[in-house]
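The values are calculated or read from the model by the stated rules, or taken from the named source; none is laboratory data. Note that this is a predicted model, so its numbers are computed, not measured. Glycine also receives a Cβ, built like all others from the backbone with ideal geometry; neighbour counts cover every protein chain displayed.
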Amino acid sequence: MHTNAAQLHTTAEIASQPACWRRAVALATDPAVVAALPARGERVAVVGCGTSFFMAQAYARLREDEGLGETDAFAASEFPFSRSYDRVVALTRSGTTTEVIDVLRRLSGVPTTVVVGTPGTPATELADHVVALEFADERSVVQTRFATTALVLLRAHLGEHLERAILDAEQALADPLTPDLVERNQFTFLGGAPWTTGLAAEAALKMREASLSWAESYPAAEYRHGPIAITDEGSLVWVFGTAPEGLELDVAGAGGRWIARDRDPLAELVAVHRLAVEVALLRGLHPDTPRNLTRSVILDGTP
């Protein structure tokens, strides 16, 4: 039976992102949330898995570039326990991901904060501070609104004014997805600013998870150093942020379709969410039930 995008949990959750972002901006001023998130000058590590790791990368670079303190981002499985931090922040939608739980269990003497979609889970029981985003939790396996809402919360806490980002996301939801985008067979996403490299990686992950697409990501300046070799008439090259001078011409010369918009890069991720769903449906896939994936990765019987 043909699946319509409007019937999907994923579609509804993608569409709800501007409303979730507004709630996150308001939540960022709550005194309990302010106390739970990194203070100016703290040396911070941020951990997550999959999508949450990519959001951690984006936040870490933003915080450090704002001069608010040295900030590292790690896949939870790669956390360096030998290093010293003033605070560790864990991003986890489910609160049950094995590698995140392992980090929280093994840390001792370091304040920990978990940003989570589902309260009352192992991560919330282990962390010193909890910031719960229940309103952004999801039924879908493929993460969309929880991840972007968590990053909006963190950006707002850094002092960013995000109304434009929210309006850009509303526009990204309204814009038509033309066949020349949906019918591509290869997708490359580029981070046009240091903090958007994580967003580009997340965009590629969404295309792989939802539509089984051949999707890659790189810092924009690295694209010429090899990856451009795969670009041809079937490729879409999408930049998050400002592209290096001349790169659009290089993509055109290779035959690829170029996208670089003057929008908040997180709003561009919303557009990619929609694209991933439409490509999946075109290929006869069901984005609510992606192949080989579960909502949370729980290993070795860890609760």
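Hey, does the range 109-117 have a residue that's among the β-branched types (Val, Ile, Thr), in the same structural domain as GLU138 (by TED's automatic domain parsing) and surrounded by fewer than 20 Cβ atoms within 10 Å (Cβ to Cβ)? Write out each step before concluding.
So the first thing to find is which residues in the range 109-117 are among the β-branched types (Val, Ile, Thr), and the list is 110, 112-116.
Then drop every residue that is not in the same structural domain as GLU138 (by TED's automatic domain parsing), which leaves 110, 112-116.
Remaining after also requiring surrounded by fewer than 20 Cβ atoms within 10 Å (Cβ to Cβ): 110.
Checking the range 109-117: at least one residue is among the β-branched types (Val, Ile, Thr), in the same structural domain as GLU138 (by TED's automatic domain parsing) and surrounded by fewer than 20 Cβ atoms within 10 Å (Cβ to Cβ).
Test each condition in (1) surrounded by fewer than 22 Cβ atoms within 10 Å (Cβ to Cβ); (2) out of contact with any Phe, Trp or Tyr (no Cβ under 7 Å at 6 or more places or on another chain); (3) in a helix (DSSP H, G or I) for HIS161 and report the one that comes out false.
Unmet for HIS161, out of (1) surrounded by fewer than 22 Cβ atoms within 10 Å (Cβ to Cβ); (2) out of contact with any Phe, Trp or Tyr (no Cβ under 7 Å at 6 or more places or on another chain); (3) in a helix (DSSP H, G or I): (3).
Only residues that are under 13 Å from ASP264 (Cβ atoms) and touching a Leu at 6+ places or on another chain (Cβ under 8 Å): list them for the range 169-183, please.
The initial filter retains those residues of the range 169-183 that are under 13 Å from ASP264 (Cβ atoms), namely 169-172.
Result: ALA169, single match.
Look at SER52 and say whether it is on the phi < 0 side of the Ramachandran plot, assigned to a loop (DSSP other than H, G, I, E, B) and under 16 Å from the mean Cα position of the chain (by Cα).
For SER52, the condition - on the phi < 0 side of the Ramachandran plot, assigned to a loop (DSSP other than H, G, I, E, B) and under 16 Å from the mean Cα position of the chain (by Cα) - is not met.
Anything in the range 144-158 that is assigned to a loop (DSSP other than H, G, I, E, B) and within 30 Å of GLY67 (Cβ to Cβ)? List them, or say none.
Residues of the range 144-158 that are assigned to a loop (DSSP other than H, G, I, E, B), as a first pass: 144, 158.
Once the filter is applied, which keeps residues that are assigned to a loop (DSSP other than H, G, I, E, B) and within 30 Å of GLY67 (Cβ to Cβ), the range 144-158 yields only LEU158.
Would you pick out the residues in the range 126-160 that are over 20 Å from ARG40 (Cβ atoms) and among the acidic types (Asp, Glu)?
Across the range 126-160, the qualifying residues are GLU134, ASP137, GLU138.
Out of (1) outside any loop (DSSP other than H, G, I, E, B); (2) closer than 14 Å to ARG155 by Cβ; (3) out of contact with any strand residue (DSSP E or B) (no Cβ under 7 Å at 6 or more places or on another chain); (4) among the hydrophobic types (A, V, I, L, M, F, W, C), what's the single condition that is false for VAL46?
Just one mismatch for VAL46, condition (3).
Given the criterion touching a residue at least 24 places away in the same chain (Cβ under 8 Å) and either assigned by TED's automatic domain parsing to the domain that holds VAL141 or closer than 25 Å to VAL152 by Cα (or both), identify the matching residue among ALA204, ALA193. Even if it seems obvious, please write down each step before you answer.
Values: ALA204 fails: touching a residue at least 24 places away in the same chain (Cβ under 8 Å).
ALA193 is the lone residue from the list that is touching a residue at least 24 places away in the same chain (Cβ under 8 Å) and either assigned by TED's automatic domain parsing to the domain that holds VAL141 or closer than 25 Å to VAL152 by Cα (or both).
Just the residues that are under 15 Å from PRO219 (Cβ atoms) and in a helix (DSSP H, G or I), please, taken from the range 251-266.
Filtering the range 251-266 for residues under 15 Å from PRO219 (Cβ atoms) gives 260, 265.
Correct list: PRO265 only.
Search the range 215-243 for residues being under 23 Å from the mean Cα position of the chain (by Cα) and surrounded by fewer than 16 Cβ atoms within 10 Å (Cβ to Cβ), and hand back the single one that is nearest to LEU173 (Cα to Cα). Let's see the steps before the verdict.
Step one: of the range 215-243, the residues under 23 Å from the mean Cα position of the chain (by Cα) are 215-223, 227, 235-243.
Keeping just the survivors that are surrounded by fewer than 16 Cβ atoms within 10 Å (Cβ to Cβ) gives 221-222, 227, 242.
Values: ALA221: 28, GLU222: 30, PRO227: 29, THR242: 21 Å.
Looking at residues that are under 23 Å from the mean Cα position of the chain (by Cα) and surrounded by fewer than 16 Cβ atoms within 10 Å (Cβ to Cβ), I get THR242.
Sort through SER94, SER84 and tell me the only one that's over 22 Å from the mean Cα position of the chain (by Cα) and in a loop (DSSP other than H, G, I, E, B).
Details: SER94 fails: over 22 Å from the mean Cα position of the chain (by Cα).
Criteria check complete, one pass: SER84.
Return yes when GLN171 is more than 30 Å from ALA24 (Cα to Cα), modelled with pLDDT of 95 or more, of a type in the set (S, T, N, Q) and outside the structural domain of THR11 (by TED's automatic domain parsing) and no when it is not.
Working: more than 30 Å from ALA24 (Cα to Cα): no; modelled with pLDDT of 95 or more: yes; of a type in the set (S, T, N, Q): yes; outside the structural domain of THR11 (by TED's automatic domain parsing): yes.
When the stated conditions are applied, GLN171 does not pass them.
Is it true that some residue in the range 25-43 is within 15 Å of the chain's Cα centre (by Cα) and not assigned by TED's automatic domain parsing to the domain that holds LEU190? Don't jump to the end; show me each part of the working.
Restricting attention to the range 25-43, the residues satisfying the condition of being within 15 Å of the chain's Cα centre (by Cα) are none.
There is no residue in the range 25-43 that is within 15 Å of the chain's Cα centre (by Cα) and not assigned by TED's automatic domain parsing to the domain that holds LEU190.
Assuming ALA35 fulfils every condition listed in (1) exposed (fewer than 15 other Cβ atoms within 10 Å of the Cβ); (2) of a type in the set (A, V, I, L, M); (3) assigned to a loop (DSSP other than H, G, I, E, B) apart from one, which condition is it?
Among (1) exposed (fewer than 15 other Cβ atoms within 10 Å of the Cβ); (2) of a type in the set (A, V, I, L, M); (3) assigned to a loop (DSSP other than H, G, I, E, B), ALA35 violates only (3).
Conditions (1) assigned to a strand (DSSP E or B); (2) touching a residue at least 40 places away in the same chain (Cβ under 8 Å); (3) in contact with an Asp or Glu (Cβ under 9 Å, 6 or more places away or on another chain), marked per residue:
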position	(1), (2), (3)
GLU64	no, no, yes
GLY69	no, no, yes
VAL88	yes, yes, no
VAL100	no, yes, no
VAL110	no, no, yes
ALA123	no, no, no
